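First up is the structure itself, then whatever we jot down about it.
The values are calculated or read from the model by the stated rules, or taken from the named source; none is laboratory data. All of these numbers come straight from a predicted model, not from anything done at the bench. Backbone-built Cβ (ideal geometry, glycine too); neighbour counts: all protein chains shown.
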Amino acid sequence: MESATITNRPGAVADDPDAPQYDERRHVSLAGMQEEPQAAPVTRIETLAVFIGFGAFYMLLGIRLLSLHVVNFDALDQLTRAYMVWYNDPPKLAAIGFSMPPVGTLVLLPFAAIKALVASGLALPISSAIFGAGTLTFINRMFAMADMVRPARLLIVVLVGLNPMFAFYAMNGSGDAAYLLFAAFGMFCVLGWGRNGSARYLIGAGLAFSVAVLARYEFILWALLLAFLVSGALTAKGREKDEVEGSVIAYLAPVMYALGIWIFINAVVLGDPFAWVTEASSSAPVNAVSSAAPDFNLVDAIGNALRIQLIFPIGLVAIPMLVFGTRDAIGYGIALLIVLNVAWSVTTAAVAGSVDVIELQDALPAMIAGCAGIAWCYLRAESMRALLWAVTVGLALVSLPLAWTQMQTFPHQNLEEAFTRAVFSGEDQEGSTSRGGFQVGIATERAMADYIDDQDIGNNEILTDNARTFGVIILTGQPNLFFDRVDKGDTEWQKVLDDPWGNVDYVLVQRTDADLILQKYPGMDVGEVDGFDPIASNDRYTLISVSPTAPATSGDAATPNTTSQQDTIGG
């Protein structure tokens, strides 16, 4: 064991035999008081440089992507919900919905309050750029906590920031950047607690994961696994049972409180405390051009779950380093987090019954765990630091073309291929298709929104299923025109759906079986149901005029309407 230089505590009289002895290397008082060892310093200028530099980069690139019409529809849905919180009729916080984790929508609220940012679409790249840049600042702090010198750690941070998968989700506004930030902050706190045992880091980790679990439900398992890590690490050090229990409770309390609040809200609003699980959207995405999905196969699922890790293979390589290199509870715990990310992908595919739910973005959490794992290995294996840094830099460099290739070729994704085409060619992607069965662009939404804006329509006169028509709603900038499922709840909305005549003047549907209105009145979009007169239509949407009185024969059965006339609009 390396010997430590023992001196009197700074400020004590040098020859005072009663002065507590002090280990300068470990910063631990030999009289019993433990102090925090100092990590590599991170200056404010350094943090601001990383945050502002990458924030501006992602923001500008995100604006460029918007001009090329590479728009993530999950992000557009979340922005619509956030906008409806402020400007719907009536405005209500319940607009955030329950089909997606709420944090991705909540973080958009400040940006959605500014109509100009929503109308221009700038709310999406600005919001995610802030969280993406913030994630990198905490990754930088992870490596500083591991005593990595500034030039060495900044090179790794730059390579992570330039990774095309990380960059894409740091600019598309989908909310993934938000959970990456909170996960990175949480793992930074875990490393800080592992280094010096300070309770403030343990509490910080609990607060971070209390938000992360409501941004991506996978982090519920992360939070629970880390609770066992805390217990195991303290038990291995021979700490008292009360201290172990108190530390675990201090860490888990914010997480359990956040989940408890979310369960309570679901119980009050929807009458089902676990509606956030059962209400999770499983219908085809709005911009899907094909619905065929491969069946679940365990071998294929495991293969896909491992293949997506190639966007940042540092995570997989960190597993053996953590298991055989650190040989401690924290190392084992971080390794299990990476394994858990792979297992989560396989499990979700098994539950869904199809391997196509394993998408490239599912590997993003492992990027954070991989960085934390390398940082912990670097801290613990002082004799191998040069090799560890070289391997990390090499893998980060290799991940750039690997991630780019996966974005071009992996079959199940969400516009990553369109992103690579847009960046490489600089050409407008409107109307093109992207792997995963998606159509790129919002021309159909824009055309229908423009048509509605040109009509004289009052508040709540358009009955619509906002889960399918959110793109049109947000592009009109007038959610108050629509009578949607958020306005007065699903029960009241269903009553109007059952008897729309005299209650609404129009119906807006997406021309797919996933639209709840078309499920009720199949064929109404092509004039096959009496009492509904299609007046404008394009490839994706139809606006329908509703008769002021119910037809002689109404209900679920369709009555042919041979007099329908409608305009075909762009898109």
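Here are some notes:
- Considering the stretch 502-555, there are no qualifying strands (runs of 3 or more DSSP E) wholly inside with 2 or more residues that are within 31 Å of the chain's Cα centre (by Cα) and aromatic (F, W, Y).
- Filter result (of a type in the set (D, E) and without any contact (Cβ under 8 Å) to a residue 24 or more places away in the chain) within the stretch 329-384: E382
- Test: residue in the stretch 476-496 that is touching a Lys or Arg at 6+ places or on another chain (Cβ under 6 Å), modelled with pLDDT of 95 or more and either closer than 22 Å to G121 by Cα or polar (S, T, N, Q) (or both): no
- Screening the candidates V277, V289 for the property of being over 26 Å from A366 (Cα atoms), within 24 Å of the chain's Cα centre (by Cα) and at pLDDT below 85 yields one hit, V289.
- Residue match in the stretch 357-374 (condition: farther than 23 Å from I220 by Cβ and in contact with a helix residue (DSSP H, G or I) (Cβ under 8 Å, 6 or more places away or on another chain)): yes
- Against the numbered list (1) within 20 Å of D300 (Cβ to Cβ); (2) surrounded by fewer than 22 Cβ atoms within 10 Å (Cβ to Cβ), P401 comes up short only at (1).
- Scan of the stretch 128-168 for residues that are over 17 Å from F185 (Cβ atoms), not aliphatic (A, V, I, L, M) and not in a loop (DSSP other than H, G, I, E, B), ordered by number: R150, P151, P164, F168
- Residue count for the stretch 473-501 under the criterion of being outside any helix (DSSP H, G or I) and out of contact with any strand residue (DSSP E or B) (no Cβ under 7 Å at 6 or more places or on another chain): the result is 7.
- Scanning the stretch 244-256 turns up no residue that is of a type outside the set (A, V, I, L, M) and exposed (fewer than 12 other Cβ atoms within 10 Å of the Cβ).
- No other residue among A449, A422 is among the hydrophobic types (A, V, I, L, M, F, W, C), farther than 30 Å from L162 by Cβ and crowded, with 18+ Cβ neighbours inside 10 Å apart from A449.
- Condition check for V286: in a loop (DSSP other than H, G, I, E, B), touching a Gly at 6+ places or on another chain (Cβ under 8 Å) and either assigned by TED's automatic domain parsing to the domain that holds A178 or closer than 22 Å to N72 by Cβ (or both): yes
One line per residue, one yes/no per condition, for (1) out of contact with any Phe, Trp or Tyr (no Cβ under 7 Å at 6 or more places or on another chain); (2) free of Cβ contacts under 8 Å to residues at least 24 places away in the same chain; (3) over 20 Å from G53 (Cβ atoms); (4) of a type in the set (A, V, I, L, M):
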site	(1), (2), (3), (4)
M142	no, no, no, yes
A146	no, no, yes, yes
V149	yes, no, no, yes
A152	no, no, no, yes
Y169	yes, no, no, no
D176	no, no, yes, no
A184	no, no, no, yes
L191	no, no, yes, yes
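- Among the residues of the stretch 406-431, those that are assigned to a helix (DSSP H, G or I), touching a residue at least 40 places away in the same chain (Cβ under 8 Å) and not aliphatic (A, V, I, L, M) comprise Q406, E416, F419, T420.
- Test result for I96, touching a helix residue (DSSP H, G or I) at 6+ places or on another chain (Cβ under 7 Å), more than 26 Å from W276 (Cα to Cα), crowded, with 16+ Cβ neighbours inside 10 Å and not small (G, A, S): no
- Flag for A82 being under 21 Å from the mean Cα position of the chain (by Cα), more than 30 Å from S399 (Cβ to Cβ) and at pLDDT 95 or above: yes
- Meets criteria (within 19 Å of M171 (Cα to Cα), in contact with a Leu (Cβ under 8 Å, 6 or more places away or on another chain) and not charged (D, E, K, R)) for F419: yes
Listed here are the residues, each with its yes/no results for (1) under 30 Å from the mean Cα position of the chain (by Cα); (2) on the phi > 0 side of the Ramachandran plot.
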residue: L415; (1), (2): yes, yes
residue: E427; (1), (2): yes, no
residue: R435; (1), (2): yes, no
residue: I452; (1), (2): no, no
residue: D456; (1), (2): no, no
residue: T469; (1), (2): yes, no
residue: P500; (1), (2): no, no
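- Failed item in (1) farther than 22 Å from N163 by Cβ; (2) in the same structural domain as L322 (by TED's automatic domain parsing); (3) crowded, with 22+ Cβ neighbours inside 10 Å, with M384 passing the rest: (3)
- Qualifying residue in the stretch 335-357 (condition: touching a Ser or Thr at 6+ places or on another chain (Cβ under 8 Å), under 22 Å from R435 (Cα atoms), surrounded by 23 or more Cβ atoms within 10 Å (Cβ to Cβ) and of a type in the set (A, V, I, L, M, F, W, C)): no
- Any hit, the stretch 182-198, residues being assigned by TED's automatic domain parsing to the domain that holds G246, surrounded by fewer than 20 Cβ atoms within 10 Å (Cβ to Cβ), in contact with a helix residue (DSSP H, G or I) (Cβ under 7 Å, 6 or more places away or on another chain) and among the small types (G, A, S): yes
- Scanning the stretch 189-199 for any residue that is more than 20 Å from A253 (Cβ to Cβ), polar (S, T, N, Q) and at pLDDT below 95 turns up at least one such residue.
- Scanning the stretch 432-446 for residues that are touching a helix residue (DSSP H, G or I) at 6+ places or on another chain (Cβ under 9 Å) and assigned to a helix (DSSP H, G or I) yields T444, E445, R446.
- Positions within the stretch 111-136 being of a type in the set (F, W, Y) and surrounded by fewer than 23 Cβ atoms within 10 Å (Cβ to Cβ), in sequence order: F111
- Residue within the stretch 388-395 that is in contact (Cβ under 8 Å) with a residue 12 or more places away in the chain, closer than 23 Å to F185 by Cα, crowded, with 19+ Cβ neighbours inside 10 Å and hydroxyl-bearing (S, T, Y) present: yes
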